[in-house]
Amino acid sequence: MRTGLTRGGREIHLDGEVYTHTLASLHLALKPASYFEIGTLHGATLRLATCPAVAVDPTFQLAAELVGGRPNWRLFETTSDAFFAEHDLKALLGGPVGLAFLDGMHQFDFLLRDFINTERACDGASVVLMHDGLPRDTAMTGAADATSASRFPGYWTGDVWKLIPILRRWRPDLAVAGLDAQPTGLIAVTDLDPDSRVLSDNYDAIIAEWTPVSLAAYGLDRLFDEAQVVPARDWRRRFGPEEAPNEPIGWKRRLRHLLPV
Ligand SMILES: C[S@@+](CC[C@H](N)C(=O)[O-])C[C@H]1O[C@@H](n2cnc3c(N)ncnc32)[C@H](O)[C@@H]1O
């Protein structure tokens with residue numbers, strides 16, 4: 001299968017559609033009954049939801065017009081750990097998660113907890129997308145203030161890439177795909193099982209094993225081989241052929257240093 005993926009030594013180029021286009025088209029095709037988001041910032045991804053939604057971020061920076069007229073949206077200005085400690089996500093959504101986008105703290109231990117907690121509110125039809133799982137060089141995975149060594153300074157993916165090998169090893173029952181969405185990929189997970197306790201029961205061992213591992217040591221090529229990257233467009237079309245309109249130009253301008261020339 002052709003993917004928008006080219007490799008050139010220490011850098012990998014993703015040529016798929018922009019991740020917000022994947023999300024926007026997925027909303028149209030999947031028509032999820034509910035949307036859950038961790039990490040909202042300005043709302044570029046939350047604004048794509050037309051269904052009832054729950055969003056969590058300790059520091060929302062939303063435009064006022066985004067939330068007006070959305071009575072079935074609930075925003076929680078707190079960390080995801082505090083949110084899950086205090087709330088029942090499934091009850092808030094009135095049923096299982098339809099579509100989730102996990103894009104909060106870009107540290108793998110945070111994302112692993114976010115995934116574990118989100119899956120408990122899922123069912124077999126839920127779709128979970130996680131952002132930034134396919135870093136394009138190793139410098140973007142280091143300390144947030146060290147990305148100047150990257151060809152993409154200021155763009156910090158953190159080490160959430162570790163979710164790919166972790167889920168492949170511990171949860172072979174899940175369908176996990178790496179999507180070539182620009183700029184730094186998506187991890188798509190389906191066949192979710194809210195009753196599985198494999199990750200939570202082994203959480204401490206997983207954290208101990210993976211905390212010392214760097215992407216430089218693990219290998220960028222090895223990660224992309226394990227991710228089994230597929231075109232985001234093909235993956236989402238299993239849910240329907242609907243296409244969102246193209247992204248506004250402003251968004252592409254903001255990402256221009258990461259998009260193909
Ligand atoms: C990359 S931004 C999200 C961008 C947005 N999803 C988009 O695509 O435009 C990451 C967000 O995660 C939030 N965040 C950081 N730590 C968090 C935590 N512990 N729980 C939930 N959100 C967190 C930050 O405040 C920030 O707004």
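The values are calculated or read from the model by the stated rules, or taken from the named source; none is laboratory data. Predicted model, so just to flag it, every value in this text is computed and none were measured. Neighbour counts are summed over all protein chains in view; Cβ atoms, including those assigned to glycine, are modelled from backbone coordinates with ideal geometry.
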Here, helices (runs of 4 or more DSSP H) confined to region 1-110 with at least 1 residues that are of a type in the set (Lys, Arg) are 89-93
The condition of being small (Gly, Ala, Ser), more than 16 Å from the ligand (Cβ to nearest atom), under 28 Å from residue 213 (Cβ atoms) and in contact (Cβ under 8 Å) with a residue 12 or more places away in the chain holds, among 100, 125, 181, 177, only for 177
Within region 151-208, restricting to residues that are under 24 Å from residue 236 (Cβ atoms) and of a type in the set (Ser, Thr, Tyr), the one that is farthest from the chain's Cα centre (by Cα) is 155
Looking across region 45-59 at residues that are buried (at least 17 other Cβ atoms within 10 Å of the Cβ) and either of a type in the set (D, E, K, R) or more than 8 Å from the ligand (Cβ to nearest atom) (or both), the single one that is farthest from residue 103 (Cα to Cα) is 52
When residue 106 is run through (1) within 16 Å of the ligand (Cβ to nearest atom); (2) more than 20 Å from residue 167 (Cα to Cα); (3) not aliphatic (A, V, I, L, M), the failure sits at (2)
Of those in region 37-78 that are in contact with a strand residue (DSSP E or B) (Cβ under 9 Å, 6 or more places away or on another chain) and among the hydroxyl-bearing types (Ser, Thr, Tyr), the residue modelled with the lowest pLDDT is 50
Restricting attention to region 200-235, the residues that are under 18 Å from residue 17 (Cβ atoms) and out of contact with any strand residue (DSSP E or B) (no Cβ under 8 Å at 6 or more places or on another chain) number exactly 2
Residue in region 13-34 that is more than 12 Å from the ligand (Cβ to nearest atom) and at pLDDT below 80 present: yes
Residue count, region 60-82, condition within 15 Å of the ligand (Cβ to nearest atom), of a type in the set (S, T, N, Q) and farther than 20 Å from residue 109 by Cβ, comes to 1
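Yes or no: region 133-149 includes at least one residue that is closer than 20 Å to residue 195 by Cβ, at pLDDT 95 or above, away from the ligand (no atom under 12 Å from the Cβ) and within 14 Å of the chain's Cα centre (by Cα).
No, region 133-149 has no match at all.
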